[in-house]
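What follows is one structure encoded as structure tokens, with my remarks underneath.
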Amino acid sequence: METLTGTKGAIKGGEFLIRDTHAHEVFIPEEFNEEQKMIMQQCKDFLSKEVWPRLDEIDSMKDPKLMPSILDKAGELGLLGTSVPAEYGGFGMDFNTSMLVAEVIGAGHSVAVALSAHTGIGTLPIVYYGNEEQKKKYLPKLASGEWKAAYCLTEPDSGSDANSGKTKAALTPDGKHYVINGQKMWITNGGFADVYIVFAKIDNDKNLTAFIVERGFGGITMNEEERKMGIKGSSTRQIFFNDCKVPVENMLSERENGFKIAVNILNIGRIKLGVAAVGGCKKTVSIATNYAKERKQFGTSIANFGAIKHKIAQMATKIWASESAHYRAGQNIDDAYNALVAEGLESGKAKLKSVEEFAIECAILKVHGSEVLDFVVDEGVQIYGGMGFSAEGPMDRAYRDARINRIFEGTNEINRMLTIDMLLKRAMKGSLDLMNPAMAVQKELMSIPDFGTADEEGLFAKEKKALANLKKAGLMVAGAAVQKLMMKISDEQEILMNLADMLIEGYVAESAILRAEKMISLRGEKACELQKEMAIIYLHEAIEKAASAGRSAITSFAEGDEQRLMLMGLKRFTKVDPYNLKNARRKVADYVIEKGEYPF
């Protein structure tokens, strides 16, 4: 594995931009082992038995005990203890296996939200930051589902700017309790949780501190359930803390470490949300494809029409590419964790550090997964036509429930800006060498283009050249923007979003090509024809999107000769040989239609 700057070793977060990754180095979903496939099947059985037959009942919220009882069943199956270490009653699964659980359960609508809030932001702060007593006391009950968890960070005046929260904690004169006063909103599982992870500021501290608060401590009241656009079956409450007395031993980690806890837990939540969206996508495609096969118009099934085939192929291709990127990053996190443990780092700290290392990829995938889901449910409604708009059909719920994902776990706008912010900070710190590759691209701009064909022989040779150029386009635009705007770049949010789009598309397109290449090495080209087509379709679309984002960025900060030179460079770096994408899409669609479900 070599970078453009020639160093070797384990890949670092964000380094995909300046480094060649080879197919044998990535993990692909086709490599899940028998045990992982059994876990996947168990999750599917849980959804078919406990969730899908009761979606209307769950959404009606008539029975406040229904959601907790479904979580109890999930607890009995071990689905709540995936990330809890075995010594505290969990399964201590590796990261990619816990991702697999999140993906399959992602098709569970409101239940997916309740379950992921409990196992993720509700439980993980104690797994990673709790001391031994706290872990022993809370984790077994959270892993079994005996106790349910919620996470109280957002306030009426602090959403994306989480550290500006006004909830206060004050030490009692005897030094035995903290008294918490304040208001939290949009709290998932708020109505039935037994344990709350609550963020508050002690006295006039600059940063938040986290506390483990039990419902039984008293001083906790709440508003009625929120009425929401989607995920109607998920309990969402405003929660008020009025002189809530919390024992001092229930402080989580150190004083003022709350903001750090929030940020790190959100990193994990982001990639898990992205992969859960992939699970929702697969279910939606399966339902929409079956409807297209059954629905007759002009004397034939609408699945036979080119316009419908185009939609089905686009949905399948985007899902497949997003899935490829998610498990690639998940494995990077697992590998980093194993390396840190081998170096002697304690398991909990290693888990946190490994996810923090790939925080850029987590932000990228949150955006990509949630936006692919929005695309897929929208096309699902369209395939259903009038029935798609009816609340009697299944697309109504899918469409409404999908919308929250672009807001959850940091809005997609925040995540786009974070992606570039984190990348530039790592470059400033010297942990990522973006400078030299960006300078090399600037030099290349001034040279005569290479129209070489010599190395364009092997599998995906042309596509890999196009990918390398796509990365160069990103480096060129980002490098010039940083040079031109310096510290002011953080105020240019539109440009940051353009740069993020170039990065996101490059990462996902590369993941798709690498997955197809690895599959072909394992199964042969004939068996992987459709995967090869999807990888190529996605790459072509990614290049088009990146070219458009690059143009928007360049015309926002460059003028005159500089602008002309950069636009010419962008054109050169986003040039790709023509390919019959219509035929490629038809092949993919025909296979999905034949199988009547998402088949990859």
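The values are calculated or read from the model by the stated rules, or taken from the named source; none is laboratory data. Given the structure is predicted, the values throughout are model-derived calculations rather than measurements. Positions of Cβ are backbone-derived with ideal geometry, glycine not excepted, and every protein chain shown enters the neighbour counts.
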(request) Among the candidates I268, I287, single out the residue that is under 27 Å from I333 (Cα atoms), in a helix (DSSP H, G or I) and not assigned by TED's automatic domain parsing to the domain that holds L171. (result) I268
(request) Identify, by number, the condition in (1) assigned to a helix (DSSP H, G or I); (2) at pLDDT below 95; (3) surrounded by fewer than 16 Cβ atoms within 10 Å (Cβ to Cβ) that D450 doesn't meet. (result) (1)
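Rundown of residues vs (1) outside any helix (DSSP H, G or I); (2) free of Cβ contacts under 8 Å to residues at least 12 places away in the same chain, yes/no style:
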{"site": "E392", "(1), (2)": "yes, yes"}
{"site": "L424", "(1), (2)": "no, no"}
{"site": "M428", "(1), (2)": "no, yes"}
{"site": "D433", "(1), (2)": "yes, no"}
{"site": "M439", "(1), (2)": "no, no"}
(message) Given the options L352, L345, L365, name the one that is among the aliphatic types (A, V, I, L, M) and outside any helix (DSSP H, G or I).
(response) L345
(message) So, in the stretch 164-184, how many residues would count as being among the small types (G, A, S) and either under 26 Å from the mean Cα position of the chain (by Cα) or in the same structural domain as H118 (by TED's automatic domain parsing) (or both)?
(response) 2
(request) Identify, by number, the condition in (1) touching a residue at least 60 places away in the same chain (Cβ under 8 Å); (2) under 25 Å from the mean Cα position of the chain (by Cα); (3) closer than 29 Å to I231 by Cβ that M93 doesn't meet. (result) (1)
(message) Please go through the stretch 498-530 and give me each residue that is under 15 Å from H540 (Cα atoms) and among the hydroxyl-bearing types (S, T, Y), ordered by number.
(response) Y507, S511
(request) Run down E361, E392, E356 and say which single residue is crowded, with 22+ Cβ neighbours inside 10 Å and either among the β-branched types (V, I, T) or assigned by TED's automatic domain parsing to the domain that holds I271 (or both). (result) E361
(message) Just to be sure before I move on: is R523 on the phi < 0 side of the Ramachandran plot, touching a Pro at 6+ places or on another chain (Cβ under 9 Å) and either in the same structural domain as A325 (by TED's automatic domain parsing) or among the basic types (K, R) (or both) in the structure I sent?
(response) no
(request) Exactly one condition in (1) modelled with pLDDT of 95 or more; (2) within 28 Å of the chain's Cα centre (by Cα) is not met by K293; state its number. (result) (2)
(message) Tell me yes or no: at least one residue of the stretch 550-565 is closer than 27 Å to R328 by Cα and crowded, with 24+ Cβ neighbours inside 10 Å.
(response) yes
(request) Inspect all residues belonging to the stretch 6-28 and state whether any of them is in a helix (DSSP H, G or I) and surrounded by fewer than 18 Cβ atoms within 10 Å (Cβ to Cβ). (result) yes
(request) For V285, state whether it is within 18 Å of A169 (Cα to Cα) and among the β-branched types (V, I, T). (result) no
(message) I'd like to check something: does the stretch 470-487 contain any residue that is assigned to a helix (DSSP H, G or I), touching a residue at least 12 places away in the same chain (Cβ under 8 Å), surrounded by fewer than 22 Cβ atoms within 10 Å (Cβ to Cβ) and not aliphatic (A, V, I, L, M)?
(response) yes
(request) Tell me which residues, restricted to the stretch 566-600, are buried (at least 21 other Cβ atoms within 10 Å of the Cβ) and more than 26 Å from I308 (Cα to Cα). (result) M566, G569, L570, F573, T574
(request) Please give the number of the condition L80 fails out of (1) touching a Phe, Trp or Tyr at 6+ places or on another chain (Cβ under 7 Å); (2) crowded, with 24+ Cβ neighbours inside 10 Å; (3) in a loop (DSSP other than H, G, I, E, B). (result) (1)
(request) Kindly indicate whether any position in the stretch 109-132 is in contact (Cβ under 8 Å) with a residue 12 or more places away in the chain and among the acidic types (D, E). (result) no
(request) Looking only at the stretch 241-262, count how many residues are more than 30 Å from the chain's Cα centre (by Cα) and under 20 Å from T154 (Cβ atoms). (result) 4
(message) Among the residues in the stretch 235-250, are any buried (at least 24 other Cβ atoms within 10 Å of the Cβ), outside any helix (DSSP H, G or I), in contact (Cβ under 8 Å) with a residue 24 or more places away in the chain and among the small types (G, A, S)?
(response) yes
(request) Select from the stretch 200-210 the residues that are out of contact with any Asp or Glu (no Cβ under 9 Å at 6 or more places or on another chain) and surrounded by fewer than 24 Cβ atoms within 10 Å (Cβ to Cβ) and write down the one among them that is nearest to C244 (Cα to Cα). (result) D203
(request) For E323, state whether it is part of a helix (DSSP H, G or I), surrounded by 24 or more Cβ atoms within 10 Å (Cβ to Cβ), among the charged types (D, E, K, R) and modelled with pLDDT of 95 or more. (result) yes
(message) When you check A150 against the structure, is it surrounded by 17 or more Cβ atoms within 10 Å (Cβ to Cβ), within 27 Å of the chain's Cα centre (by Cα) and not in a helix (DSSP H, G or I), yes or no?
(response) yes
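Kindly indicate the residue of the stretch 542-595 that is in a loop (DSSP other than H, G, I, E, B) and either of a type in the set (D, E, K, R) or not assigned by TED's automatic domain parsing to the domain that holds I448 (or both) and also farthest from A466 (Cα to Cα) among those meeting that condition.
The qualifying residue farthest from A466 (Cα to Cα) is E559.
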(request) Please tell me if Q314 is more than 28 Å from the chain's Cα centre (by Cα), at negative phi and not assigned by TED's automatic domain parsing to the domain that holds V588. (result) no
(message) Scan the stretch 185-194 and tell me whether some residue there is assigned to a loop (DSSP other than H, G, I, E, B) and either assigned by TED's automatic domain parsing to the domain that holds H109 or of a type in the set (D, E, K, R) (or both).
(response) yes
